[in-house]
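The values are calculated or read from the model by the stated rules, or taken from the named source; none is laboratory data. Note that the coordinates shown come from a computational prediction; the quantities given were computed from them, not determined experimentally. Positions of Cβ are generated from backbone atoms using ideal geometry, with glycine treated the same way; all protein chains shown enter the neighbour counts.
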Amino acid sequence: MVSPDSILVPRRSFLSGALASLSLLGRTAAARPARSAPGTPRKHRILSCNIRVPLPRDDRAGHGWKDRREVCARVIASHDPDLIGLQECYGVQLEFLKKRLPGFESFGQAAPGPVFNPLNAILYSRSRYSLVSAGGFWLSETPHVAGSSSWDSARPRWVNWVDLRDRASGAVFRFWNTHLDHKGAEARRRQARMIVEAAAPYGEIPQILAGDLNTDASALPVRILEEGGWKDTYTAVHGPGDPGFTYHAFKGDRYRSKRRKGKIDWIFCRGGFRPAAAEIIKDHPGGVYPSDHYFLSADLVLEPRKEGK
């Protein structure tokens, strides 16, 4: 687990930081040639999992973290992921999941505080990928000030990212993981715009974005992402129809709400990734749900770049 002191982002301009990282990404991609046969696309399985922070009221209701942590780890492992974007992840939860998923390494920066809680932690297969670089920023008007928030955001929000190299092919790509604000409509729009602007300088370099956007497909943040070049993997596979709730309050298919709308958890891609499969994971072994959200999975194929591109 990465300590918070080791991942503070330098206080430099937002765009210059992105361009510097882009330069590094390009150099490292060119430095190591592909090891697998040219022209052979490989599938990457992505999971996005809002695992719900530990709360006393959940303990009292019988679905606290200790009641469901084994199920949470089992459900995640059963879908054989290569990459996992966690949301609402406390340090104690990350520590437990890493013990149950020993083949995974993690990265996550956290808001300042006495306890390291990397709410948007990223897990990646140690055998499948090597880490090129990692970082993140706060979704605020001061993105390099740890713990900052802006607009009508109810609390600090941020995005983490890792640049990974596929050990077999040598391909390098970026994986983002975030959780937009749950109350501030203006904050969600601004936060989505920040992610679009941060991803844009990378051009056709492959990228994946996982996260709980706290909004459905009809809302502006999703349109901002799509207009900014991001493709929703579930829609690409299943079409534009609303698949229903992904938040379910530990009730599963019994959940009903007039206030909340459809799918609020997402896996997007861009720049050479082709969605091959997508699923809303409704597993609840023994009647126990791993979280108050359904998890999402997506199988992405990274198409080989054409000669000269």
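Below, the figures for the structure above:
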read-out: Residue among ASP67, ASP82 that alone is of a type outside the set (Ser, Thr, Tyr) and in contact with a strand residue (DSSP E or B) (Cβ under 8 Å, 6 or more places away or on another chain); value: ASP82
read-out: Given (1) out of contact with any helix residue (DSSP H, G or I) (no Cβ under 6 Å at 6 or more places or on another chain); (2) within 25 Å of ARG165 (Cβ to Cβ), number of the condition ALA219 does not satisfy; value: (2)
read-out: Matching residues in the stretch 178-207 - criterion: being basic (Lys, Arg) and touching a Ser or Thr at 6+ places or on another chain (Cβ under 8 Å); value: LYS183, ARG188, ARG190
read-out: Residue tally, condition in contact with a Pro (Cβ under 7 Å, 6 or more places away or on another chain) and within 21 Å of ASN214 (Cα to Cα), over the stretch 79-108; value: 3
read-out: Where a residue in the stretch 55-69 is on the phi > 0 side of the Ramachandran plot and free of Cβ contacts under 8 Å to residues at least 24 places away in the same chain and its partner, wherever it lies, is part of a helix (DSSP H, G or I) and surrounded by fewer than 11 Cβ atoms within 10 Å (Cβ to Cβ), with Cβ under 6 Å and at least six apart; value: none
read-out: Hits in the stretch 105-137 (condition: aromatic (Phe, Trp, Tyr) and either assigned to a loop (DSSP other than H, G, I, E, B) or within 15 Å of the chain's Cα centre (by Cα) (or both)); value: PHE107, PHE116, TYR124, PHE137
read-out: Total residues in the stretch 112-134, condition modelled with pLDDT under 95 and farther than 17 Å from LEU86 by Cβ; value: 3
read-out: Enumeration of residues in the stretch 277-299 that are more than 20 Å from LYS251 (Cβ to Cβ) and either of a type in the set (Gly, Ala, Ser) or outside any strand (DSSP E or B) (or both); value: ALA277, ALA278, SER297, ALA298
read-out: Residue in the stretch 282-304 that is surrounded by 15 or more Cβ atoms within 10 Å (Cβ to Cβ), of a type in the set (Gly, Ala, Ser) and touching a helix residue (DSSP H, G or I) at 6+ places or on another chain (Cβ under 7 Å) present; value: yes
read-out: Tally of residues being in contact with a helix residue (DSSP H, G or I) (Cβ under 7 Å, 6 or more places away or on another chain) and outside any strand (DSSP E or B) across the stretch 78-104; value: 5
read-out: Those residues of the stretch 207-241 which are closer than 23 Å to ARG190 by Cα and assigned to a loop (DSSP other than H, G, I, E, B), in sequence order; value: LEU213, ASN214, THR215, ASP216, ALA217, SER218, ALA219, GLY228, GLY229, TRP230
read-out: Filter result for the condition that a residue is modelled with pLDDT under 95, under 26 Å from LYS183 (Cβ atoms) and in a loop (DSSP other than H, G, I, E, B), over GLY244, GLY308; value: GLY244
read-out: Hey, SER140 touching a strand residue (DSSP E or B) at 6+ places or on another chain (Cβ under 9 Å) and assigned to a loop (DSSP other than H, G, I, E, B) or not; value: yes
read-out: Unmet criterion (only one of (1) of a type outside the set (Phe, Trp, Tyr); (2) closer than 17 Å to CYS269 by Cβ; (3) part of a loop (DSSP other than H, G, I, E, B)) for LYS183; value: (2)
read-out: Selection count, the stretch 133-177, where residues are crowded, with 24+ Cβ neighbours inside 10 Å and among the polar types (S, T, N, Q); value: 2
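Yes or no, residue by residue, for (1) surrounded by fewer than 24 Cβ atoms within 10 Å (Cβ to Cβ); (2) modelled with pLDDT of 95 or more; (3) under 30 Å from GLY62 (Cα atoms):
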| position | (1), (2), (3) |
| --- | --- |
| HIS179 | no, yes, yes |
| ALA187 | no, yes, no |
| ARG190 | yes, yes, no |
| ILE224 | yes, yes, no |
| VAL237 | yes, yes, no |
| GLY252 | yes, yes, yes |
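Yes or no, residue by residue, for (1) of a type in the set (D, E, K, R); (2) farther than 23 Å from VAL71 by Cβ:
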site: ARG100; (1), (2): yes, no
site: GLY113; (1), (2): no, yes
site: ASN120; (1), (2): no, no
site: SER148; (1), (2): no, yes
site: ALA154; (1), (2): no, yes
site: ALA185; (1), (2): no, yes
site: ILE195; (1), (2): no, yes
site: ALA199; (1), (2): no, yes
